[in-house]
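The values are calculated or read from the model by the stated rules, or taken from the named source; none is laboratory data. Since the structure is predicted, the reported quantities are computational estimates derived from the model, not experimental observations. Note: ideal-geometry Cβ built from the backbone for every residue, glycine included; neighbour counts use all protein chains shown. Please note that ligands, DNA and RNA were not included when accessible areas were found on the heavy atoms of the full protein model with its side chains. Shrake-Rupley method; radii C 1.70, N 1.55, O 1.52, S 1.80 Å.
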Amino acid sequence: MTKVRLAEKFATFSEHWSPRIAGELNGQHVKLVKFQGDFVWHHHADEDELFLVVHGAFRMDYRDGEGTELSLDVGEGEFVIVPRGVEHRPCAEQEVHVMLFEPAGTLNTGNVRSERTVEAP
């Protein structure tokens, strides 16, 4: 068993939108990522994702079943679960530190390939 100090782990990188694997349990990856700006619209056909804000705040934009755009503000100490199949886009005006819980092998850009796609975190 090892203890993970989140502040120390976040201090080891400065890149935005480039998740790092901090742990693994039951086929799930615990990833750390820094956001700033707008990400790409995407969805995950088979995976739910949990976004836990460690520092800062961000807005989760998402589209309902009819394509209507909605948003949800997520602050420090809060989390949001994006169900599989829901098109979404995290956006952060200021840098935010986020812990993700998602099945191992989940591609950060889901069904979209772009310059922000990280094949192997």
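What the table shows:
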| item | result |
| --- | --- |
| Complete set of residues in the range 1-11 that are open to solvent by 50 Å² or more (accessible area, probe 1.4 Å) and either of a type in the set (A, V, I, L, M, F, W, C) or assigned to a strand (DSSP E or B) (or both) | MET1, VAL4, LEU6, ALA7, ALA11 |
| From the options GLU102, GLU76, residue that is open to solvent by 70 Å² or more (accessible area, probe 1.4 Å), of a type in the set (D, E, K, R), touching a strand residue (DSSP E or B) at 6+ places or on another chain (Cβ under 8 Å) and modelled with pLDDT of 85 or more | GLU76 |
| Filter pass, SER14 being open to solvent by 50 Å² or more (accessible area, probe 1.4 Å), of a type in the set (Gly, Ala, Ser) and outside any strand (DSSP E or B) | yes |
| Residue in the range 24-34 that is without any contact (Cβ under 8 Å) to a residue 12 or more places away in the chain and of a type in the set (Asp, Glu) present | no |
| Candidate set from the range 17-42 (those that are more than 12 Å from the chain's Cα centre (by Cα) and part of a loop (DSSP other than H, G, I, E, B)); member that is surrounded by the fewest Cβ atoms within 10 Å (Cβ to Cβ) | ASN26 |
| Residue list for the range 43-58, filter: over 11 Å from the mean Cα position of the chain (by Cα), crowded, with 16+ Cβ neighbours inside 10 Å and of a type in the set (D, E, K, R) | GLU47 |
